[in-house]
1. Averaging sequence separations of C-alpha pairs under 8 Å and six or more residues apart, then dividing by the length of the chain, give the relative contact order as a whole percent.
2. How large is ³J(HN,Hα) for each residue in the stretch 17-24, as worked out from phi by the Karplus curve 6.51 cos²θ - 1.76 cosθ + 1.60 (θ = phi - 60°), to whole Hz, x for Gly and Pro?
3. Counting only DSSP beta bridges with both residues in the chain, what percent are antiparallel, rounded to the nearest 5?
4. Run the reach check for residue 139 against lysines, Cα to Cα strictly under 25 Å, same-chain hits fewer than 8 apart removed. What comes back?
5. Tabulate in residue order the Karplus-calculated ³J(HN,Hα) for the stretch 94-102, using 6.51 cos²θ - 1.76 cosθ + 1.60 with θ = phi - 60°, rounded to whole Hz; enter x for Gly and Pro.
6. Each residue of the stretch 143-156 in turn: what ³J(HN,Hα) in whole Hz from Karplus with 6.51, -1.76, 1.60 and θ = phi - 60°, glycine and Pro shown as x?
7. Scan around residue 144 for amide H atoms under 5 Å from its own, H built in the peptide plane at 1.01 Å from N, and keep only partners 5 or more places away or cross-chain.
8. Under a 5 Å amide H to amide H cut-off, with H placed in plane at 1.01 Å, what residues pair with residue 258 once short-range neighbours are removed?
Amino acid sequence: MKREMHVAGLFYEADPAQLEKNMQDFFAGQKREEAVPVRICMLPHAGHIYSGKVTAETLAKIKLPRKLIILCPNHTGFGKHGAVWDKGAFQTPLGEVPIEEDIAETLLKTPCFFRDYRAHIQEHSIEVILPFLQYQIGKEFAIVPISLASLQELPKMAEAMIKCMQEDDELGLVVSSDMNHFASEKENKRKDFLALDAIRNMNEKDLLQVVMDNDISMCGVLGAYIGILAAKGLGFQKCEIISYDTSASTSGDSRRVVGYAGLYFV
């Protein structure tokens, strides 16, 4: 089953030639020869004009595998927690990104995952990062899209992903998340770095606690929680924050901003 584009022309350029040009502009001047091999990272998913700089700066400094589980939040309220798109491809203006069906099938054998397309059809948070991955990795890569909507079974989900990644060195994990939404830039940065400090310390429990205690609207916190567990399960020892910005850099409005961060674990 093909997942058609839903936010092309809204969050990013729908014309393939112009989108390709935009990717060239985002990655212009970035040095790839120093890229670090990475299996787990976090990328933002806002409109390209707002978060594209952070996404490109992050991807330019890392080298991801060609098979990627991508964890996204559920902004729409449709579908199940742990919803896996298990067949076909995701469409972007730059072409189709196939589903890594074998990995999807393996994860679906775990009771906490479900074959469910409803959670993905109108969800933007994987679609908007795919053109960056297509441009940077190349067209020969595949994904397993998973939507998260609650705290239930997160450790079990992480265990299943860790097992898949231990059995397949060519499998990576991408967490799709923006940071806090719609505070003043000063307050937004304060909240964002409370959460980012917990991620940098690789403490998933502290991350959830600081997000709840400080009312931080980090939409991908569930994915980040799993990302930390997976990183520790694979023996990674540190988190590097590569890039951070807010929407004020583009909009000029510092009264009500969204934060964006790019990071990886090694």
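No lab work stands behind these numbers, since they all come straight from the coordinates. Not measured: the values here are computed from a predicted model. Glycine gets a Cβ as well: all are built from the backbone with ideal geometry, and neighbour counts include every protein chain shown.
1. Normalised by residue count, the contact order of the chain is 26 percent.
2. Here the 3J(HN,Hα) series is 5, 6, 5, 4, 4, 4, 4, 4 Hz.
3. In the chain, approximately 45 percent of DSSP beta bridges are antiparallel ones.
4. Once the sequence-local lysines are set aside, what remains near residue 139 is 2, 21, 31, 53, 61, 63, 67, 87.
5. Ordered by residue, 3J(HN,Hα) equals 8, x, 8, 10, x, 7, 7, 5, 5 Hz.
6. Calculated HN-Hα couplings, in order: 10, 10, x, 9, 9, 10, 9, 7, 7, 5, 6, 4, x, 5 Hz.
7. 68, 69, 70, 100
8. 182, 247, 248
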